Structures are given as structure tokens and as C-alpha cells.
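Worksheet: the structure to be examined is printed underneath.
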Amino acid sequence: MKDIFFCPEESNFYSNCLDSFVLRNCNSSESIVEFGSGDGSPVINSLLKNKFDGVIQGFELNTSAWKVANSTIDEYNLTNKYIIHNSCLFNSSQPDAQYLVANPPYLPAPDNDIYMPLLFGGVDGATVTNDLLSLGYENVLVLISSFSNPTGTLNLAKQNGYCVQNFMVLPLQFGYYSSDPKVKNHIEELRKNKMAFYSGDYYFLAGVLFNKCQDSVVDLSNQLAQVMTSL
């Protein structure tokens, strides 16, 4: 659902999260599903740096981004590792996979009449993220914004049986789309209700690896909540 308008810093961060939390820990035969592949650059960059013999199936609604992604996949001879469908994961048969990965749209707003509607993440910015955490995949890597009701997402993840296995955090400045007055004013209202956390022009973006809780697994949910609500 996100398209070719990733900011470079965010795209690189997503790629680093894929490297650290997914590809370096995958067995060679494991499969991955990606929601909102965009132009494919984060995954392509990760595949070029890591030995991965499984298959990543991406889903991207934006036809322009999908065409760009497939052109780059062909250029780097990754067609046997990275397959992107020009469709929505939620409307598909949702293929089996060990991992679901995504940089989902997370801009909060009263509605999707904003500069870039495909970046609309629902009224609190967490709707798509929460829907992904309701699909039941064993491991889920998502990017979560501190101004998009992160505590609500962590509570929902817990209800769905997930623990936070690992995370990393990137401070970012509000950009063009998040500075849209309609979006920024809405985020200010969310902050009054303790559903958004930021300081000045900065917010946190966290790459979070959720997995289904087991007794032996350390759960870092509280630590992540402390970081995301500290601004």
C-alpha cells in the first residue's frame, strides 16, 4: 500500500530491520510475505547483502510502484527470490509464510483526503498495522510510529498472543506528508489523548519484530512502550 514515496532514511531503516531481524535469522527454505512492497528497494537491497534461498512474496496495490519494482527485480536477477503481486494482501489467499514484513501506512488523519492518500493509516494511524497483527503469522516485522497510537498496537499485539522479540528505533523529523496541516493538527489532538508522542519536529519510528509468545521468550513490550512514549 505504501508506494514509491518512501523517504530514503525510512527505506534504509526498513532494509536494516529486514537484515537484522529476518533475513539473517531465516533458514534457507523459509518463506516471507511482504505487505506494501512499494518500489521493492528495501527488500532488494537486503537480498543483495544477504544469502537467502527462500522466496519473498510481496503485495503492492500501486501499479506504478509495482512496475518499478519488477523492473529492478529483473535487473538484479532476483525473480526466483522476490515475487510481487499487483494486489492487496488482505484480499488475497494470504500465502503461508514464516514471516510477515511491512512498512505499513501510518499517517493519522480524520479521513484519507490528505496529500498522499495511500499513506493514510486510519484515524489513529495504526489501523493497517493492527490488521496485519491480526492475520496470525508466527513472526511479524512492522515499522511503528510514535505518533500512531503505539500503545494501542502493543496492547492489540498482546491480545493476539504476540511478544516483542526485538526492536530498533530511529528518530525522524516530520516530513512533507506528516507536516500536512490536516495531519499535523490531528496528531496534536491524538497527543492530548496520549495516543501520539513526539517532541518538536521529531518522532520515533521503531522496527519491531513480534513473534507468538512462548514461555522461554523474552518479551520486550514494556521496554518498547517506554521508548515510544518518552517524547
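The values are calculated or read from the model by the stated rules, or taken from the named source; none is laboratory data. These numbers come from a predicted model, not from an experiment. Virtual Cβ from ideal backbone geometry, glycine too; neighbours counted across all protein chains shown. Each accessible area value is taken on the protein alone, full model and side chains, heavy atoms only, with ligands, DNA and RNA left out. Shrake-Rupley method; radii C 1.70, N 1.55, O 1.52, S 1.80 Å.
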Practice prompt. For residues that are part of a loop (DSSP other than H, G, I, E, B) and touching a residue at least 24 places away in the same chain (Cβ under 8 Å), scanning just region 196-213, find the one that is nearest to CYS163 (Cα to Cα).
Written response: CYS213
Discussion item. Against the conditions (1) in contact (Cβ under 8 Å) with a residue 60 or more places away in the chain; (2) farther than 28 Å from PHE167 by Cβ, where does TYR137 fall short? Just the number, please.
Written reply: (2)
Worksheet, complete the sentence: Picking from SER11, SER29, the residue that is outside any loop (DSSP other than H, G, I, E, B) and among the small types (Gly, Ala, Ser) would be SER11
Worksheet item: Looking at this structure, is LEU48 in contact (Cβ under 8 Å) with a residue 24 or more places away in the chain and more than 20 Å from PHE90 (Cα to Cα)?
Response: yes
Practice prompt. Within region 120-153, track down each residue that is open to solvent by 20 Å² or more (accessible area, probe 1.4 Å) and among the aliphatic types (A, V, I, L, M).
Written response: VAL123, LEU135
Worksheet item: Quick one: which of VAL227, VAL217 is under 14 Å from ILE144 (Cβ atoms), of a type in the set (Val, Ile, Thr) and surrounded by 11 or more Cβ atoms within 10 Å (Cβ to Cβ)?
Response: VAL227
Discussion item. Cβ-Cβ under 8 Å, sequence separation 6+ or interchain: first residue in region 141-152 and closer than 11 Å to LEU205 by Cβ, partner of a type in the set (D, E, K, R) and at pLDDT below 95. Which pairs?
Written reply: LEU143/GLU10
Worksheet item: For region 60-69, which residues satisfy the criterion of being open to solvent by 10 Å² or more (accessible area, probe 1.4 Å) and either in contact with a Phe, Trp or Tyr (Cβ under 9 Å, 6 or more places away or on another chain) or assigned to a loop (DSSP other than H, G, I, E, B) (or both)?
Response: LEU61, ASN62
Worksheet entry | One residue from VAL55, VAL33, VAL22, VAL43 being surrounded by fewer than 21 Cβ atoms within 10 Å (Cβ to Cβ), closer than 26 Å to LEU118 by Cβ and β-branched (Val, Ile, Thr) | VAL55
